[in-house]
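Report on the following structure.
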Amino acid sequence: YGGANGWPLPSGTASQMDPQSVQAHGQAVQDLPRLMPSDMARLFASINDPSSSPANSGYVTAWKWMEVLLEHQQRIAQSFGAAAGRMNPVDQAIATIRHLTRQVHNRMDQQVQSALTVGQNDVLGDTFLNPIANRCEAYARLQLGAAQATPWPTLYFCLRSGHGSDAALEVWQTTKQQAGISDTVADAITRLLGSMTAWEEATSIPELSVSDRHIVGDFLQSVQSNRGNDGNNSFSIHKEGVLALLSGAGDLPVSSNVHGFITIEDYLFGQLNKALLQREPDEHLTELGKSIQIYGPSYFGDAESGGWSYSLPLLMTQQYSKALTHLVEFGGDLGLLQATHLGLLLANSKIELEDLGESDVGFDGDLAASLLVAYAHRLIASAGQVAALEYLSRIPLSDTMRKEVASLIAKTGDLEKLAGRVDENGNRQGDHLLKAKFSDGEISQILSEAAEILLRENDNQKVMTAAMCYMLAGKYDGVLWVLNDMLSPPDRQSETRSKWIEQTKGFRSCYLDNRTQVYTSLERERKLRVVETNKHLMDMNLFFQHLHTQRYSDAWVVAQKTQLLPMDQRELAAKQDNFRNLEDAIKRCFSSFLVAVMRCLYFQHAETKAMGRARDIVTAQHLKELQAHARVLLSFAGMLGLASDQGDTMSQLEAKMI
């Protein structure tokens, strides 16, 4: 058993994402909120052509399996209440058995119908009242190529197609005399078949008599020990198959040429059936999953399947993390597309993307989020930010989702399309993409995180975008933080600084010079200090502009206008207290400002003296005022504890003003 033979995978490989497939999947994802999960699985299967490539063949099979899995989840929720919709390992194993039996049932119907279509009317008889029993008998005849001498093949295909208490029971009651076994074993089989529920209808493990299972299990051992001595040797494998499925005492037989015992699906069906009949089914299911991992991808002939020959058995044994990560690692871009959509629907359906028996899922802690992020990043280049946002907005972890959407905004920088524009009142306006996905509060938080990401880039244009992100977020203090940072330190003049000064003037003119909504919002949030800091930095920048152009009188007027400096001895204590309450943006540059103001006073004093009008009463008074301001400024610097070199510079300048 095993190998790639179990999956209907045509030859050839494909690892690249087809643009039409990407678009079709994106449109399907938009239906997630309105469709039932099983309908979503059916939709995803329908948009993929299984004959187009090995990878798509396995992918469609996976969706058909998931359709059954999610149907079973809905049935559990309907039977036991909404709280029961979260499936345990046994529930998931039952669903997988349903899928595996449904596969055989459909294949059986197709082959019998094909035989009837070409005129093989004698294939389908009326031995039994149950039509499924007759179909199973016809399928057995087609597979074995001869009329049956025993009931075992028909009985086996009844069980393999999931029909125990209905079709299989009638087959057995009608033909058990031909089985050539003791009444004790025959009666035990009758009771077991009568207790079985068709897997298509089952919501729990069938309650089979332990004593009857032991009787059948003992008989199975006897049959196995006499293998080869059976007069009906050609049907011995079907007998062993029936006894194994009813007793749970042994593995399903394997064969390289007898249908029903060849493929990995047959093997999984037998192993899952056996596990569910044990006293501790969870432990046996865990061991089955581990055994698939031990075999590894090479055992399943995975080279031609785009990863699916190995991933399908992993999915069906609840090794979800390993199955999906294998697709990504082995299947390239196409594997990422397939793993992402499978993982998205599983996670959306509250099915943990973990390996059964393992607590550490790996892949950065949350597989669904990691898949969505990786796929969205791939989409940015190939399908655009709209497509990427569709997936990022579906990340199940809210913190991760916000971070990744914020990263998308920071990376693309198309704010108007993603987040709208700002109107004259400072409000976010427009039919933007975020509006369709998130609440106003969430949008503000996302935009603020985008601003923080952009600010870490240390790029002038990205800083400008960060300020706009804060504006769109309604985080007006954030806008001012950015502006203040770009205005500091004020003694560094450049073309870039001039642009930020103009930006700040425009912002203040639009939103701060009057009691606009922006101003009242900052006032309501008690964040007017940042407004005051912005004004101080603008004044200090203007001061240094005048100083650098030797317009000392204008510079001194601006320095006075800041109201940060004491004008006489009486104001020293008050200005010292005021300094303590200033924001760090001002404190960091204040010592340089003080030294520069002292230089401004010194140069004014020197210019006035150089004009030769020192004896003029007005001029003399002006010189005395400048000297007085210098002394007060020096005292103020001492009270603030300036660095010794800066204090020395100020002392030297003040001493020269005589």
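The values are calculated or read from the model by the stated rules, or taken from the named source; none is laboratory data. Remember, predicted model here, so these are calculated numbers, not experimental data. Cβ: placed from backbone, ideal geometry, glycine included. Neighbour counts: every protein chain shown. Each accessible area value is taken on the protein alone, full model and side chains, heavy atoms only, with ligands, DNA and RNA left out. Shrake-Rupley method; radii C 1.70, N 1.55, O 1.52, S 1.80 Å.
Name the residue that is farthest from the chain's Cα centre (by Cα), counting only residues in region 556-571 that are under 14 Å from Leu594 (Cα atoms) and open to solvent by less than 60 Å² (accessible area, probe 1.4 Å).
Top of the filtered list is Met567.
Using the structure shown, decide if Glu583 is on the phi < 0 side of the Ramachandran plot, in contact (Cβ under 8 Å) with a residue 24 or more places away in the chain and open to solvent by 60 Å² or more (accessible area, probe 1.4 Å).
Working: on the phi < 0 side of the Ramachandran plot: yes; in contact (Cβ under 8 Å) with a residue 24 or more places away in the chain: yes; open to solvent by 60 Å² or more (accessible area, probe 1.4 Å): no.
It is false that Glu583 is on the phi < 0 side of the Ramachandran plot, in contact (Cβ under 8 Å) with a residue 24 or more places away in the chain and open to solvent by 60 Å² or more (accessible area, probe 1.4 Å).
Can you tell me how many residues within region 118-148 are of a type in the set (Asp, Glu), loosely packed, with under 14 Cβ neighbours inside 10 Å and either under 52 Å from the mean Cα position of the chain (by Cα) or not in a helix (DSSP H, G or I) (or both)? Break it down into steps so the answer makes sense when it comes.
Taking region 118-148 and keeping what is of a type in the set (Asp, Glu), we get 122, 126, 137.
So of that shortlist, the ones also loosely packed, with under 14 Cβ neighbours inside 10 Å come out as 122, 126.
Keeping just the survivors that are either under 52 Å from the mean Cα position of the chain (by Cα) or not in a helix (DSSP H, G or I) (or both) gives 126.
Residues meeting the conditions: 1.
Kindly list, by first and then second residue, each pair from a residue in region 248-274 that is under 26 Å from His214 (Cα atoms) and open to solvent by 40 Å² or more (accessible area, probe 1.4 Å) to a residue that is among the small types (Gly, Ala, Ser) and assigned to a loop (DSSP other than H, G, I, E, B), limited to pairs with Cβ atoms under 9 Å and residues at least 6 apart or on different chains.
Val254/Gly2; Lys274/Gly248; Lys274/Ala249; Lys274/Gly250
With Ala630, Ala620, Ala637 as the choices, which residue is over 17 Å from Pro489 (Cβ atoms), in a helix (DSSP H, G or I), open to solvent by less than 60 Å² (accessible area, probe 1.4 Å) and out of contact with any helix residue (DSSP H, G or I) (no Cβ under 6 Å at 6 or more places or on another chain)?
Numbers: Ala630 fails: out of contact with any helix residue (DSSP H, G or I) (no Cβ under 6 Å at 6 or more places or on another chain); Ala637 fails: out of contact with any helix residue (DSSP H, G or I) (no Cβ under 6 Å at 6 or more places or on another chain).
Result of the check over Ala630, Ala620, Ala637: Ala620.
Okay, residues lined up against (1) crowded, with 23+ Cβ neighbours inside 10 Å; (2) farther than 30 Å from Gln111 by Cα:
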| site | (1), (2) |
| --- | --- |
| Gln278 | no, yes |
| Tyr299 | no, no |
| Glu304 | no, no |
| Pro313 | yes, no |
| Met316 | yes, no |
| Ala339 | yes, yes |
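Sort through Leu408, Leu372 and tell me the only one that's under 30 Å from Thr286 (Cβ atoms) and either touching a residue at least 12 places away in the same chain (Cβ under 8 Å) or not charged (D, E, K, R) (or both).
On the way: Leu408 fails: under 30 Å from Thr286 (Cβ atoms).
Unique residue meeting the criteria: Leu372.
Conditions tested, residue by residue: (1) under 22 Å from Val531 (Cβ atoms); (2) not basic (Lys, Arg).
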{"position": "Gly441", "(1), (2)": "no, yes"}
{"position": "Ser444", "(1), (2)": "yes, yes"}
{"position": "Asp459", "(1), (2)": "no, yes"}
{"position": "Met468", "(1), (2)": "yes, yes"}
{"position": "Lys475", "(1), (2)": "yes, no"}
{"position": "Val482", "(1), (2)": "yes, yes"}
{"position": "Pro489", "(1), (2)": "yes, yes"}
{"position": "Glu495", "(1), (2)": "no, yes"}
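So Lys624 passes all but one of these: (1) free of Cβ contacts under 8 Å to residues at least 12 places away in the same chain; (2) more than 24 Å from Gln545 (Cα to Cα); (3) under 60 Å from the mean Cα position of the chain (by Cα). Which condition number does it fail?
Status for Lys624: all satisfied but (3).
Name the pairs whose Cβ atoms lie under 9 Å apart, with the first residue in region 587-603 and at pLDDT 95 or above and β-branched (Val, Ile, Thr), the second open to solvent by 20 Å² or more (accessible area, probe 1.4 Å) and not in a helix (DSSP H, G or I), and 6 or more positions between them or separate chains?
Sorted first by the residue in region 587-603, then by its partner, the pairs are Val595/Leu642.
Can you spot a residue in region 505-521 that is touching an Asp or Glu at 6+ places or on another chain (Cβ under 6 Å) and either among the hydroxyl-bearing types (Ser, Thr, Tyr) or modelled with pLDDT of 95 or more (or both)? Don't jump to the end; show me each part of the working.
Of all residues in region 505-521, those touching an Asp or Glu at 6+ places or on another chain (Cβ under 6 Å) come to none.
Looking through region 505-521, none of the residues is touching an Asp or Glu at 6+ places or on another chain (Cβ under 6 Å) and either among the hydroxyl-bearing types (Ser, Thr, Tyr) or modelled with pLDDT of 95 or more (or both).
Name the single residue that is nearest to Glu390 (Cα to Cα) among those in region 437-493 being surrounded by fewer than 23 Cβ atoms within 10 Å (Cβ to Cβ) and of a type in the set (Phe, Trp, Tyr).
Here the residue is Phe438.
Evaluate the following for Ile181: is it assigned to a helix (DSSP H, G or I), at pLDDT below 95 and of a type in the set (A, V, I, L, M)? Spell out how you get there, then give the answer.
Values: assigned to a helix (DSSP H, G or I): no; at pLDDT below 95: yes; of a type in the set (A, V, I, L, M): yes.
Judged against the criteria, Ile181 is not a match.
Please give the number of the condition Ser165 fails out of (1) part of a helix (DSSP H, G or I); (2) of a type in the set (S, T, N, Q); (3) more than 30 Å from Gly289 (Cα to Cα).
(3)
Does Lys527 qualify as being surrounded by fewer than 17 Cβ atoms within 10 Å (Cβ to Cβ), in contact (Cβ under 8 Å) with a residue 24 or more places away in the chain, touching a helix residue (DSSP H, G or I) at 6+ places or on another chain (Cβ under 8 Å) and under 20 Å from Leu564 (Cα atoms)?
Working: surrounded by fewer than 17 Cβ atoms within 10 Å (Cβ to Cβ): yes; in contact (Cβ under 8 Å) with a residue 24 or more places away in the chain: yes; touching a helix residue (DSSP H, G or I) at 6+ places or on another chain (Cβ under 8 Å): yes; under 20 Å from Leu564 (Cα atoms): yes.
Answer is yes for this residue.
At pLDDT 85 or above and surrounded by fewer than 17 Cβ atoms within 10 Å (Cβ to Cβ), is that true of Ser398? Before you say what the answer is, go through the steps one by one.
Numbers: at pLDDT 85 or above: yes; surrounded by fewer than 17 Cβ atoms within 10 Å (Cβ to Cβ): yes.
Criteria met by Ser398.
Checking Arg279 against (1) within 43 Å of the chain's Cα centre (by Cα); (2) over 30 Å from Ser51 (Cβ atoms); (3) assigned to a helix (DSSP H, G or I); (4) among the basic types (Lys, Arg), which test does it fail?
Condition not satisfied by Arg279: (3).
Taking Ser553 as the residue in question, decide whether it is surrounded by fewer than 19 Cβ atoms within 10 Å (Cβ to Cβ), touching a Leu at 6+ places or on another chain (Cβ under 7 Å) and under 20 Å from Met650 (Cα atoms).
Numbers: surrounded by fewer than 19 Cβ atoms within 10 Å (Cβ to Cβ): yes; touching a Leu at 6+ places or on another chain (Cβ under 7 Å): no; under 20 Å from Met650 (Cα atoms): yes.
So Ser553 does not fit the description; no.
Condition first: without any contact (Cβ under 8 Å) to a residue 24 or more places away in the chain and among the hydroxyl-bearing types (Ser, Thr, Tyr). Now tell me which residues in region 447-501 satisfy that.
Tyr470, Ser494, Ser498
Residues that are over 60 Å from the mean Cα position of the chain (by Cα) and either over 14 Å from Leu634 (Cβ atoms) or open to solvent by 40 Å² or more (accessible area, probe 1.4 Å) (or both): does region 587-594 have at least one?
Taking region 587-594 and keeping what is over 60 Å from the mean Cα position of the chain (by Cα), we get none.
Looking through region 587-594, none of the residues is over 60 Å from the mean Cα position of the chain (by Cα) and either over 14 Å from Leu634 (Cβ atoms) or open to solvent by 40 Å² or more (accessible area, probe 1.4 Å) (or both).
Go through region 293-344 residue by residue and tally those that are more than 18 Å from Ala368 (Cα to Cα) and charged (D, E, K, R).
Here the count works out to 2.
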